[in-house]
Amino acid sequence: MNSLGEAFAAAWRLIAGFDAELAQVVGLSLQVSLIAVVIATLIGLPIGAMIAVGRFRGRQTLIVLLNALMGLPPVVVGLVVYLLLSRAGPLGNLGILFTPTAMVIAQTVLITPIIAALSRQIIEDAWREYDEQLRSLGARRINAAMTLIWDTRFSLLTILLAGFGRAAAEVGAVMIVGGNIAGVTRVMTTTIALETSKGDLPLALGLGIVLITLVIVLNALAAVIREMALRRYG
Amino acid sequence: MLPLELDQLTFSAGNAAIIRGISARIEAGPRTVILGPNGAGKSVLMRLCHGLLPPTGGRIVWHGAMNGGKSVDVRRHQAMVFQRPVMLRRSALANVMYGLKLAGKSRNQSGLRAMDVLEVVGLAQHAARPARVLSGGEQQRLALARAWALGLDVLFLDEPTANLDPASTQDIENIINAIHASGTKIIMTTHNLGQARRLGDEILFISNGRLMEHTPIDKFFRQPASSEAAAFIKGEMPWQ
């Protein structure tokens, strides 16, 4: 009990004192997950919008598949990306295994289906309401997709935050493809896992506190944005 | 564009026949009111004419659309105002400009034109407000402005005042008349006989997916030809 209390106190000292190692790990975490969210959005949002307004064969199957991919186990994603990037793998000559780039790739693979599937749902719901009006005004599908993305932008933003939360809190994929190398590929979740197994609780707890705070702040932000948008734009 | 000819038009959804062989010729000029009880197929007929639904049988021909042998894009010459206006999540002005932009107008042109029509429908002071926070009547006026701005040959209106109070209804009817006066053909549905009488020049009376009569408004109310129309008038205005 006493040692737990000491660990908490030490964790607070690390956070309050902007401990260099802690700051470096948090910084890399944010950087990797932010880049992954941006790339996943650039890929996932157009896919989601296309499926939402498109009418083509196999659409329903694609939606089921996409929804299923939302639940991809991170360790499996890590394993597949690892195999692709390892020396013997098809992308081995890029030499990016055990670098932050590899971690960005793994997280992008993990959250692109989330962003595509959730944006598909939001855009399709809006499309039901807008469909006749937009067609009546002469909008083509591509115009309609752009209009719907713009009109649902606040709901879509909460999806991006959800994607970011998932990426930042995920441990399995980045552990495998990053290798958890101190000062290079060590992010919050992998550091927590390692330090806990080493018995160095202050750093693990400190990072845990930062991570939970981050997740709460993101969710609060999402709620505030939705609320504001609803009041302002109806 | 006009005249608009419907030739044995049918529409079914699954096994349910909604429009059962309607033939009619709608000329330029008079305000046409499609009248009938709820569920008669008025809205579906209008969506077929506007091209939002593909007919399951028969033809829709815009005779005026053949211009010197070249066919005109009929979609560009007609608009529709719905029972519940769909407003984009942007300002009132931007909603009007949206339609103009799709029609290929430049930003400058559309800005001026949009402000003009907002002025005419009495919404100029709300131009910068988000469209979705306007009242129901204001949103419907905005929907009319958005359609009117396009400078069309034909305007379809589907029960445009069904959800509105009497004052808003009168605003909307005044605007519809102004659009008519500007030379746009008005084709609207209603189940409200008072409105049909105020706004209509000719009546297409629809019952159970069939066209029962197509007559000038006076004749329709004085001596309806079909028993369905007579019953409808009697049911709506039992004091007559």
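A few comments on the model shown:
- Inter-chain shielding of A:123-136 (mean C-beta neighbours from other protein chains, 10 Å cut-off): 4
- Close amide H contacts of residue B:58 (hydrogens built in the peptide plane, cut-off under 5 Å, sequence separation of 5 or more or a different chain): B:10.
- Using the Karplus relation 6.51 cos²θ - 1.76 cosθ + 1.60 with θ = phi - 60°, the per-residue 3J(HN,Hα) values for the range B:139-147 come to 5, 5, 5, 5, 4, 5, 4, 4, 6 Hz, with x marking Gly and Pro.
- The HN-Hα couplings worked out from phi for the range B:203-219 by the Karplus form 6.51 cos²θ - 1.76 cosθ + 1.60 (θ = phi - 60°) are 10, 10, 9, 10, 9, 6, x, 10, 7, 8, 7, 9, 9, x, 4, 4, 5 Hz, whole numbers, x standing for Gly and Pro.
- Distance (nanometres) between label positions extended 7 Å along Cα→Cβ at residue A:31 and residue A:61: 4.3
- Residues with amide H under 5 Å from that of residue B:164, placed H, sequence gap 5 or more: none
- Spin-label pair residue B:124/residue B:181, simplified geometry with 7 Å Cα→Cβ offset, distance in nm: 1.7
- Length-normalised contact order of the range B:31-171 in % [C-alpha pairs under 8 Å, at least 6 apart]: 30
- Proxy reagent accessibility, fewest Cβ within 10 Å first, across A:151, A:131: A:131, A:151
- Near residue B:83, the amide H atoms lying under 5 Å from its own belong to B:158; only residues 5 or more places off or on other chains count, and H is placed 1.01 Å from N.
- Kirkwood-based shape ratio for chain A, expressed as Rg/Rh from alpha carbons: 1.06
- Taking 0.36 nm per residue of sequence separation and removing the Cα-Cα distance, the residue A:197/residue A:232 pair yields an extension gain of 7.7 nm.
- Residue-by-residue Karplus 3J(HN,Hα) for the range A:83-91, coefficients 6.51, -1.76, 1.60, Hz, glycine and proline x: 4, 5, 8, 5, 2, 7, x, x, 10
- Restriction of the chymotrypsin sites (Phe, Trp or Tyr not before Pro) in the range B:131-240 to DSSP coil positions whose beta-carbon has at most 15 other beta-carbons within 10 angstrom yields B:239.
- For the range A:28-200, the relative contact order comes to 36 percent (Cα pairs under 8 Å, sequence separation of at least 6).
- Relative contact order [Cα under 8 Å, 6+ residues apart], chain B, whole percent: 27
- Tail weight of P(r) past 34 Å, computed on alpha-carbon pairs of the protein assembly as shown, percent: 52
Read the figures in this text as sums done on the coordinates, not as results from a lab. Values in this document were obtained by computation on a predicted structure and should not be read as measured data. Note: ideal-geometry Cβ built from the backbone for every residue, glycine included; neighbour counts use all protein chains shown.
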